[in-house]
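Undergrad: Mind having a look at this structure? Questions to follow.
The values are calculated or read from the model by the stated rules, or taken from the named source; none is laboratory data. Here the structure is a predicted model, which means the values were calculated and not measured. Note: ideal-geometry Cβ built from the backbone for every residue, glycine included; neighbour counts use all protein chains shown.
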Amino acid sequence: MVHPRSLSVAPSTVAGSEGVLSADALDFLSFLHHRFEARRQELLAARRERQQRIDAGEQFDFLPETRAIREGDWQVAPPPPPLQNRRVEITGPAERKMMINALNSGANVFMADFEDALSPTWQNVVAGQVNLQEAVRGTLAYDDPSGKRYRLEPQVAVLMVRPRGWHLDEHHLQIDGTPISASLFDFGLAFFHNAMAQLERGLGPYFYLPKLESHREARLWSDVFSAAEDALGLSRGAIRATVLIETFPAAFEMEEILYELREHVVGLNAGRWDYLFSVIKTHRARPLVLPDRAQLTMTVPFMRAYTRLLVQTCHRRGAHAIGGMAAFVPSRRDPSVNALAFTRVREDKDREASDGFDGTWVAHPDLVAIAREAFDRVLGEAPHQKHRHATTRDVSPEELRTFTVPGGQVTAAGARMNISVALQYLSSWLGGTGAVAINNLMEDTATAEICRAQLWQWIHRGARLADGTPLTAERYRAIHQEERAALGAVPNLEAASTLLDELVLSEQFCEFLTLPAYRLLLTQE
C-alpha cells in the first residue's frame, strides 16, 4: 500500500464509524486514490472535450476504432450462481429500515444505492457503510419509536452496491489536499470491509456502476477491480458488476463496455430516467425540444431502439439485460390510484419480459410480486433468457439519435409538475433525504435531473406550449412562485428555490445538479 503524505478525514458521530474509517481502510482508500486519481481526471477531461465537439455539431456514431470488438467472437465471464436469476431487483438508499424491508421483500437482488437515492451528507455516507457491514453479516436491525421491530429474514435478497459516479468527489476525505473520488470511496469501503465476509457466505462483492460515458471509463473500473482483488489476495473476477447504460454516449459503446469489463461484468441495466436526462444534456446546444416527461415512455421510438440494442448486445455476449425502474409507491388511502398504477406497472413489466430482458427493477416491495409474475410467465423455470439474442435486425445510429415523439407536446401542466417535483425533491435532498415519495412516485436525483433539464431546454430552446404560447423565463418565474407558495413551510425550500432558478435560468447548462447541491450541503455542514 502507498501511504499519503497527508490525510484528513472529517470526524463522524455515527455509531460504528470508527470501524468504517479504520486505519487499514483509509490506507486502502489512499492506495486506490494514488493509483487511479490521475486517470479519473483524464477521463473527466475527455468527457468535456467530447461534449465540446458535440456542441460544435459532431454526431454520435459507433466507434470505427473499436469495430473489431463489435465484430469479434467473445463472451463475458459466466455469472456466479447468486446472480444467475435476477428477474426482480429492488433498489433503495442504504438506510437501515428501508434496507431491511428491501432485503426481506422477496426480490432476487437488492441494490443499496449510494448514488441517485443518496443525499451525501457525511452522516448518510458513513451510516450507509455501517449498515452494509451489518447487512452482509445478517445483524442489521431497527426499532422504530413506536416499538415496531425490523429484523432480517433467514432468506434475503442478494446484496449489490451502487457507488457514486466518476464525476463526484468526497470532500470529507482529503488525501494530500485533494478530495478522494466518491466512486473510489464508496466502492473501496464496501469492498474492503465486506468482500471476505460475502465470499465466506457463498456470495461476493457485487456492484452496480453508474453514469459511465465511455468504454475507457469502464476500463478504469476494471483496473480498479483487479487492483482491489490483488490487494486482498482474491482471484480475478471475484468482484462482479452490472453497468447502467444511462447516458446517451454509453449507448453507442455497449459492446466495448462489456468487453473492457469482461472478467467482472455480469450485465447491463437500462437506466431509463438518467438516459432521458442525458439525451437532453448531450444535445443542449441543439434546437431539440422533448415533450412532457409523462409522454417520454419506454414505447417512444428512440427509447425502444435503446432498449432493443441493450438486450441484443447483452445476449450476444452472455450478459444479463436488466430492465428499468417501476417507481410507483402504493397509496395507503386510495385503492383506485393503486389499481390504475398496478395495471401500468404490469404492462411495463410484461413488455420488458417479452422484449427479452432477464430481469427488472422496482422501487417498492409491493411491486415485487407484480414484476415476478410478468417474468415468470415468460421465463418459466429458466433463470434468464439469454438464448434470445441477436436474431433481430441491428439498431442503427439514426434510430438512437432521432428524438421524434409522435403526438408529443409541451404543456403548462408539465412545466408546473416539473417545477413542483424539483422543488420538493431538492428541499428533501438538501435536508439529507435522497429518495422521496412525491405524487405516489419514488423520485430520486435522476428524475429531478429530468425536471430541471426539461425546464432549461424549454426556456432556452423557445418551446411553445400546447396552447401556442412560449415558456419564457418570466412565465417560469410566475409558475415557480405559485408552486413554491402552494408547498407552504417546507424545510430548505428557499435554498431549493434559489438552486432551481440557477439550474433553469443560467445560460450554461449545469452538468449535474448534484455538483452545486453538494456545495450547499458542505456549507450547511
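Residue-by-condition table, conditions (1) of a type in the set (A, V, I, L, M, F, W, C); (2) part of a helix (DSSP H, G or I); (3) closer than 17 Å to residue 497 by Cα:
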site: 425; (1), (2), (3): no, yes, yes
site: 432; (1), (2), (3): no, no, yes
site: 442; (1), (2), (3): yes, no, no
site: 448; (1), (2), (3): yes, yes, yes
site: 451; (1), (2), (3): yes, yes, yes
site: 454; (1), (2), (3): no, yes, yes
site: 457; (1), (2), (3): no, yes, no
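Undergrad: Please find, among 305, 231, the residue that is modelled with pLDDT of 95 or more, surrounded by fewer than 21 Cβ atoms within 10 Å (Cβ to Cβ), part of a helix (DSSP H, G or I) and touching a helix residue (DSSP H, G or I) at 6+ places or on another chain (Cβ under 6 Å). Working first, answer last.
TA: Working: 231 fails: touching a helix residue (DSSP H, G or I) at 6+ places or on another chain (Cβ under 6 Å).
Residue meeting the stated conditions: 305.
Undergrad: For region 251-263, check the following and say yes or no: at least one residue is more than 18 Å from the chain's Cα centre (by Cα) and more than 19 Å from residue 319 (Cα to Cα).
TA: No - not one qualifying residue is present in region 251-263.
Undergrad: Right, next: What is the one condition in (1) surrounded by 24 or more Cβ atoms within 10 Å (Cβ to Cβ); (2) within 16 Å of residue 40 (Cα to Cα); (3) among the aliphatic types (A, V, I, L, M) that residue 168 does not satisfy?
TA: So the condition that residue 168 fails would be (1).
Undergrad: Could you list all residues from region 8-29 that are closer than 15 Å to residue 180 by Cβ and assigned to a helix (DSSP H, G or I)?
TA: Across region 8-29, the qualifying residues are 20, 25, 26, 27, 28, 29.
Undergrad: Related question: Hey, can you tell me all the residues within region 20-37 that are under 24 Å from the mean Cα position of the chain (by Cα) and surrounded by fewer than 21 Cβ atoms within 10 Å (Cβ to Cβ)?
TA: Those that are under 24 Å from the mean Cα position of the chain (by Cα) and surrounded by fewer than 21 Cβ atoms within 10 Å (Cβ to Cβ): 36, 37.
Undergrad: Go through (1) at pLDDT below 95; (2) in a strand (DSSP E or B); (3) among the hydrophobic types (A, V, I, L, M, F, W, C) for residue 321 and report which single condition fails.
TA: (1)
Undergrad: Additional query: Looking at 490, 436, can you tell me which residue is aliphatic (A, V, I, L, M) and surrounded by 17 or more Cβ atoms within 10 Å (Cβ to Cβ)?
TA: Being aliphatic (A, V, I, L, M) and surrounded by 17 or more Cβ atoms within 10 Å (Cβ to Cβ) holds for just one of 490, 436, which is 436.
Undergrad: Could you tell me how many of the residues in region 1-56 are touching a strand residue (DSSP E or B) at 6+ places or on another chain (Cβ under 9 Å), of a type in the set (Gly, Ala, Ser) and more than 26 Å from residue 225 (Cβ to Cβ)?
TA: Adding up the residues that qualify gives 4.
Undergrad: Which one is farthest from residue 315 (Cα to Cα), of the residues in region 378-402 that are acidic (Asp, Glu) and modelled with pLDDT of 95 or more?
TA: So the first thing to find is which residues in region 378-402 are acidic (Asp, Glu), and the list is 381, 394, 398-399.
Of the ones still in play, those that are also modelled with pLDDT of 95 or more are 381, 398-399.
On the way: 381: 18, 398: 22, 399: 20 Å.
Among residues in region 378-402 that are acidic (Asp, Glu) and modelled with pLDDT of 95 or more, the one farthest from residue 315 (Cα to Cα) is 398.
Undergrad: What do you reckon, is residue 457 out of contact with any Asp or Glu (no Cβ under 9 Å at 6 or more places or on another chain), surrounded by fewer than 18 Cβ atoms within 10 Å (Cβ to Cβ) and outside the structural domain of residue 116 (by TED's automatic domain parsing)?
TA: Numbers: out of contact with any Asp or Glu (no Cβ under 9 Å at 6 or more places or on another chain): yes; surrounded by fewer than 18 Cβ atoms within 10 Å (Cβ to Cβ): no; outside the structural domain of residue 116 (by TED's automatic domain parsing): yes.
Criteria not met by residue 457.
Undergrad: Of all residues in region 140-165, which are surrounded by 12 or more Cβ atoms within 10 Å (Cβ to Cβ), in a loop (DSSP other than H, G, I, E, B) and over 16 Å from the mean Cα position of the chain (by Cα)?
TA: Matches in region 140-165: 140, 152, 153, 156, 157.
Undergrad: Looking only at region 1-55, which residues are among the small types (Gly, Ala, Ser) and in contact (Cβ under 8 Å) with a residue 40 or more places away in the chain?
TA: The initial filter retains those residues of region 1-55 that are among the small types (Gly, Ala, Ser), namely 6, 8, 10, 12, 15-17, 19, 22-23, 25, 30, 38, 45-46.
6, 8, 10, 12, 15, 16, 17, 19, 25, 30, 46 - these are the residues of region 1-55 that are among the small types (Gly, Ala, Ser) and in contact (Cβ under 8 Å) with a residue 40 or more places away in the chain.
Undergrad: A further question follows. Among the basic types (Lys, Arg) and at pLDDT below 95: which single residue out of 240, 262, 272, 236 fits that description? Steps first, answer last, please.
TA: On the way: 240 fails: at pLDDT below 95; 262 fails: at pLDDT below 95; 236 fails: at pLDDT below 95.
Of the residues listed, the single one that is among the basic types (Lys, Arg) and at pLDDT below 95 is 272.
Undergrad: I'd like to know if region 333-341 contains one or more residues that are surrounded by fewer than 17 Cβ atoms within 10 Å (Cβ to Cβ) and not in a helix (DSSP H, G or I).
TA: Looking for residues that are surrounded by fewer than 17 Cβ atoms within 10 Å (Cβ to Cβ) and not in a helix (DSSP H, G or I), one finds at least one in region 333-341, hence yes.
Undergrad: Hey, can you tell me all the residues within region 240-263 that are in contact with a helix residue (DSSP H, G or I) (Cβ under 6 Å, 6 or more places away or on another chain), surrounded by fewer than 24 Cβ atoms within 10 Å (Cβ to Cβ) and farther than 11 Å from residue 214 by Cα?
TA: 259
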